[in-house]
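The values are calculated or read from the model by the stated rules, or taken from the named source; none is laboratory data. The structure displayed is predicted, hence computed values, not measured ones. Using ideal geometry, Cβ is built from the backbone for each residue, glycine included, and neighbour counts are taken over all protein chains shown.
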Amino acid sequence: MTLEGKVALVAGATRGAGRGIAVELGAAGATVYVTGRTTRTQQSDYHRPETIEETAELVTAQGGKGIAVQVDHLIADDVRKLVERIRAEQGRLDILVNDLWGGEKLFEWNKPVWDHNLENGLRLLRLAIDTHLITAHHALPLIVERPGGLHIEVTDGTAEYNADHYRLSPFYDLAKVAATRMAWAHAKDLAPHGATSVSLTPGWLRSEMMLEAFGVSEENWRAATERVPHFIISETPRFVGRAVVALAADPDRSRWSGQSLSSGGLAQIYGFTDLDGSRPDAWRYVPEVQDAGRPADATGYR
């Protein structure tokens, strides 16, 4: 699949799914603007080592063109300036990926709203919802200037799963459901312009933070299954990146507009694999195996 000549903005590409998506877009030949708050000279409140410059270099190393731009997507004027820069430099924007998040350190597991830190919960919602709306407000006008644009809201969990599963806390639950609804709403507005909007979820992501939390690396990640057996269904960030590329390269992608999609589900349709050649289908595995209390076994699910 080739995306040569296409221009993408991956908002929130410092690490995790955003980085994996940006790198795979680069591997398909796209020019990719990667944004985030952490650079080699300035860290965000995450205090993580990953930087947007590293992501841009990975994009370029894969054959695309990576362009790092430090942006706090809560600051509307900075987002406006970003889109103006893309317009000035490229004259177009074909793909917008809203992977903005930043809430891992803010939500509290299994706490009702009255026990959860209110300030942290409201901050989480601003990071998960306001950033997406601000970015869509400024970037979608450039998307719709030519037909065929693609807008993706990255979230956690499919609409079907989230509809009847409580996601950790009211704040986290709302944040992840909201992204799916935003994609559906944007699809209504984009349809007259020939553009497509979807929500997309990875499965159990082997992000930098997840690997670090489990005390493993990508090379020996299976060691973590000794403590967390269902981690056997996990996937690399590049897998959801390949899902984005498959959508972007599909001339009939409008058939998905407004829908909630998953990396594993799309792999069954488009035929792409994770880096190890497998096709982990986490959002089928989780309800059928993990939530059902069955022993961890990914046979038939990857």
Checklist entry - How many residues does the range 153-169 contain that are touching a residue at least 24 places away in the same chain (Cβ under 8 Å) and more than 13 Å from ALA128 (Cα to Cα)? => result 8
Item to check | Positions within the range 258-290 being part of a loop (DSSP other than H, G, I, E, B) and under 19 Å from the mean Cα position of the chain (by Cα), in sequence order | outcome: GLY258, GLN259, PHE272, THR273, ASP274, LEU275, ARG279, PRO280, ASP281
Item to check | Pairs, first in contact (Cβ under 8 Å) with a residue 40 or more places away in the chain in the range 61-73, second charged (D, E, K, R) and not in a strand (DSSP E or B), C-beta under 8 Å, six or more apart | outcome: GLY66/GLU57; VAL71/ARG37; VAL71/ASP78
Item to check | Filtered residues of the range 233-257 (kept if part of a helix (DSSP H, G or I) and small (Gly, Ala, Ser)) | outcome: GLY241, ALA243, ALA246, ALA248, ALA249, SER254
Checklist entry - For residues in the range 107-133 being touching a residue at least 60 places away in the same chain (Cβ under 8 Å) and in a loop (DSSP other than H, G, I, E, B), which is surrounded by the most Cβ atoms within 10 Å (Cβ to Cβ)? => result PHE107
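Every residue, every condition in (1) in contact with a Gly (Cβ under 7 Å, 6 or more places away or on another chain); (2) over 22 Å from MET210 (Cα atoms); (3) of a type in the set (Lys, Arg), yes or no:
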residue: GLY26; (1), (2), (3): yes, yes, no
residue: THR38; (1), (2), (3): no, no, no
residue: ARG48; (1), (2), (3): no, no, yes
residue: ASP99; (1), (2), (3): yes, no, no
Checklist entry - Do we find a residue being in contact with a Gly (Cβ under 9 Å, 6 or more places away or on another chain) and in a helix (DSSP H, G or I) anywhere in the range 220-232? => result yes
Item to check | Tabulated pairs, the range 19-39, first assigned to a helix (DSSP H, G or I), second at pLDDT below 95, C-beta under 8 angstrom, 6+ apart or interchain | outcome: ARG19/GLU50
Item to check | Inter-residue pairs, beta-carbon under 6 Å, first over 20 Å from ALA292 (Cβ atoms) and in the range 218-243, second in a helix (DSSP H, G or I) and among the aromatic types (Phe, Trp, Tyr), 6+ apart | outcome: ALA224/PHE214; ALA224/PHE231
Item to check | Residue among ARG302, ARG294 that is modelled with pLDDT under 95 and either among the aromatic types (Phe, Trp, Tyr) or in a loop (DSSP other than H, G, I, E, B) (or both) | outcome: ARG302
Item to check | Tally, over the range 228-237, of residues that are touching a helix residue (DSSP H, G or I) at 6+ places or on another chain (Cβ under 7 Å) and surrounded by fewer than 24 Cβ atoms within 10 Å (Cβ to Cβ) | outcome: 5
Checklist entry - Among the residues of the range 54-62, is any among the aliphatic types (A, V, I, L, M), touching a strand residue (DSSP E or B) at 6+ places or on another chain (Cβ under 8 Å), buried (at least 21 other Cβ atoms within 10 Å of the Cβ) and not in a helix (DSSP H, G or I)? => result no
